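Below is one structure, written out as structure tokens, with a few remarks after it.
The values are calculated or read from the model by the stated rules, or taken from the named source; none is laboratory data. Keep in mind it's a predicted model, so treat the numbers as computed, not measured. Quick reminder, even Gly has a Cβ in these numbers, built from the backbone with ideal geometry, and neighbours come from all protein chains shown. Heads up: the accessible areas ignore ligands, DNA and RNA and are worked out on the full protein's heavy atoms, side chains in. Shrake-Rupley method; radii C 1.70, N 1.55, O 1.52, S 1.80 Å.
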Amino acid sequence: MLRLTVAGIAATFMSLLVFSAASAQEIPRDEYLSYVPLEVPVAFRQTPASAELSLFGDPNAPGYQDVNLDGIDDSREEVLRSLAVRFAPLLVMNSTAVPMDLRKVTSVEGAFPLNIDTWTLDRPGGRLTNSQSFDVFQAVSDPCTDNELSARGEKPDCRLRWLLEEYDLNSPSSAPERTEAREPGGKSFRVLWADYPGRSESDWNEIYIDKVSGNLPRRFHDRVKTYVHPFIHETGAFPDSSGYELVLQYWFFYPWNDGGNNHLGDWEHMNVVVAPMHSVTRAQTADELLDLLNGAALETESGDSQLVIRRLEYYFHSNVWTLNFAAPNAYAPRAAWEDEVQNTVRERGGEDWFWKVIRNRAWTDDSETRVNTHPIGWIGADNKGLDQLLSPPGGTNRDSHGTYLMPGLYKDIGPAGAAENVPEQFDHREFWSASVEERSQWTDRWERGGVVDLAQADRVELIPDVEQISPLARTWPEVRTSWAWLLLPIRFGYPAVESPFAGVVSHAETGNLAVFGPSFSAGWNRSGESEGFGTYDPNKVPRLLPLAWQDNFINSWGWLNLTAPTIAMFPPIDFLWRIVAAPVRAVVQDQDPTFYPVEQLPLRYVGLGAGYSHMDYPVDAYGELLFNDRQFPELLTTLVEYQQDNGTDSTVVTDLVDFVDPGQSAFFLVSLYIGDHFVTENSLRHSRSDIGITATYSDLPPMDIRGDLNFWEYAGSLRYDLTSGAFRLFPQAGYGLSWYRIEDLAANGELFDEPDSDWIRKPGLFENLLPNTWHAGAGLEWIVIRNFAPPPKGIDFSLRADFTWYTNKLGLDLEHIPLELLVALGLGAEDLPLDRWVSRTEFRIGGTISF
């Protein structure tokens, strides 16, 4: 949301330029520590419920067998794998990236290069004192003996063993974990990182985007993988006992992230909570969940006993958005579901629309006879941040990974509060109604709009809790080799790369650091929000309503976003584009919704105002309009003839007095609100005022020449509310068009032959369209009625008063005016008309209805 003044925007942009320039080169290996937090994460443990109910099997139970050495009982693994495939998602590509096998995309084909950098913290930024590297995959071929381990042997397996001991889940011996006193000198700090290719956006584009097609290169097509981690979530949903849910966490690994922030390695995930259809509206008892884990419902694919999706949790960046299929119950008969919807309290804008989306997702066919067990997620998004202005045209920041639940503009989720846009469309019912061969038109595309089908056994890998693997890793080299990535605090890629805002705070996460693995994520074994993920519970807002400046950015434009996308936010273009052209845009553009977090929901979007305007025209300036070239000759002739026909030789003009009455009229206003502080306003006023001149003679009655000043003015204002809440104090400034003429000009009541002058400064098709009037002022608005509900209930009413100063060129053409005659009539040189800058003031009071 835009909360920046013009000065703030400039300062932010200059800061981005500084950060961009500072990060223009690859960060040297002996300097990256200044970007890295000086702390070592610890893995998250299994949930108490997973341990209590022996999710992965009880090693002490008869018949327990773990041939695969993965910490999972073989019979339980068969059930969990079947569930993982049955509920595997379909991922719609809004990125060239797809979730990949972490073992197949490292910098060295067929290897897993692990780097160990040791630093001494004896000075700011630290000092790199030792660097080691070895291939984890080689460890299994040459096991390390206990003697070699004690001697700190250099075998890959020895290195793995002592690393696993140093970072052991229960009794770590690593220096960063010890609390006893240490020797004088710099403290040591160790960074583990796996080597993945590329260090910058240009590198990633070279590696992961085909130069001809612009799509994911063919060599990556067989590397699709999702890592599925089941866990049991205890809900406490029953009055007298705990309730349980089986959660399938689908983890997705991307080798790089190119969005509002850049970094190597990216782990994203989504949760799928499953339950039998007959009990989808409640948690499971322990016995019911054990039946599920023993495969009781695997063979049931229809009826009330079949397994369905109870809840989906989509994680993107530091947000989680939940789709609840159980309330209202999306599997109930339609009439019953509609009754439940009718009786459910609405707590956000677009609630009914969200419920319809959930109902649609729950089934694969329009007749609602086949349950859909495959969630749909959109991967990747187009960043809409200020960093776009630092990029050249050509497309950038479109590979910001996250798992989104539908197309739309997601507000306030990216770096520095940037929005992210997901444009690609997909109809899962059309997909599932097609034949297997026809579905290939989606699954074989490997480009934006393509679909990654993870419901294939060879694309699913189960990952247990670290407690299941850690004991096995002490004994078996193949376990250490296969699971070191899960057990160790490894950064998946070169630790720090260039990125906007990188290094603005030393030793702090600013979005440019390679990430740790899933077991070190705050989302591991968590359902819903946690310490690392806040609830994203947005209101749905139509895309036609006004958006923030950054939301207009086009990713392929780069710094060209300072042109049309920026101009579109200034009056009157904003009014023409967002209001006048709205019907056209509704037809020719996809109207995916905008999602606003509840806490960031704008107070208002559009306002319609009206009121009373009092404009004071300076007489000495606007009185000169009588000297327009169309009417001045007749005015002069009238004065002279009056004197000649009625006066004597001694008759002289003793005084010429101009007069202009104030302009009192209605004004009309359209306000477009951007966030809670920034407002663009388009206003129109039209007034008529008496204007004229009174000539006083030495021995004649005065001559009164009088007409109407017909004055039109459009004003486009940029306003910034200095205060929030009900009372808004604001400065405003802007530009506009003013045009006017004198009508019904008469001398002592007798109309001139030319009663109407030409329009002065009137806008035309090819002239006078640029602003010809400038203004600045201040005002106060009192929001009397505030309502955050969607229209028609969400209508606000406010009262406002403002005072504004205007300046413009008068616009007189004096080329044909005989100024010498004016001197002869008695005007001094200082009183002669000039085409000069003039100013005036306006006071307005009115009201605004907005929503």
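Test residue 92 against the stated conditions and say whether it is in contact with a Leu (Cβ under 9 Å, 6 or more places away or on another chain), at pLDDT 95 or above and crowded, with 16+ Cβ neighbours inside 10 Å. So residue 92 does not fit the description; no.
Would you be able to say whether some residue in region 479-486 is at pLDDT 85 or above, within 29 Å of residue 200 (Cβ to Cβ), more than 26 Å from the chain's Cα centre (by Cα) and aliphatic (A, V, I, L, M)? Yes, region 479-486 contains at least one residue that is at pLDDT 85 or above, within 29 Å of residue 200 (Cβ to Cβ), more than 26 Å from the chain's Cα centre (by Cα) and aliphatic (A, V, I, L, M). Summed over region 462-486, the residues that are buried (at least 18 other Cβ atoms within 10 Å of the Cβ) and not in a helix (DSSP H, G or I) give a count of 4.
Restricting 500, 546 to residues that are open to solvent by less than 10 Å² (accessible area, probe 1.4 Å), farther than 30 Å from residue 58 by Cα and either assigned to a strand (DSSP E or B) or at pLDDT below 90 (or both) narrows the list to 546.
The set of residues in region 54-65 that are open to solvent by 30 Å² or more (accessible area, probe 1.4 Å) and either in contact with an Asp or Glu (Cβ under 6 Å, 6 or more places away or on another chain) or not in a loop (DSSP other than H, G, I, E, B) (or both) comprises 64, 65.
Against the test of being under 30 Å from residue 50 (Cβ atoms) and either exposed (fewer than 15 other Cβ atoms within 10 Å of the Cβ) or touching an Asp or Glu at 6+ places or on another chain (Cβ under 8 Å) (or both), the options 522, 564, 586 yield a single qualifying residue, 522. Screening residue 694 with (1) part of a strand (DSSP E or B); (2) within 26 Å of residue 802 (Cα to Cα); (3) open to solvent by less than 50 Å² (accessible area, probe 1.4 Å) gives one miss only, at (2). Any residue in region 634-654 that's within 18 Å of residue 755 (Cβ to Cβ): show its pairings with residues that are assigned to a helix (DSSP H, G or I) at Cβ separation under 7 Å, as long as the two are six or more apart or on different chains. From residues that are within 18 Å of residue 755 (Cβ to Cβ), the pairs are 635/626; 636/821.
If you go through region 417-461 and pick out every residue that is farther than 24 Å from residue 228 by Cβ and assigned to a helix (DSSP H, G or I), you end up with 8.
Restricting attention to region 138-171, which residues are touching a Ser or Thr at 6+ places or on another chain (Cβ under 6 Å), open to solvent by 60 Å² or more (accessible area, probe 1.4 Å) and either part of a loop (DSSP other than H, G, I, E, B) or touching a residue at least 60 places away in the same chain (Cβ under 8 Å) (or both)? Residue satisfying the conditions is 140 alone. Contact map, region 705-717: residues that are open to solvent by less than 10 Å² (accessible area, probe 1.4 Å) paired with residues that are at pLDDT below 95 and outside any strand (DSSP E or B), Cβ distance under 6 Å, separation 6+ or inter-chain. Pairs shown: 716/571; 716/572.
Of all residues in region 590-633, those that are open to solvent by 40 Å² or more (accessible area, probe 1.4 Å) and more than 17 Å from the chain's Cα centre (by Cα) total 11.
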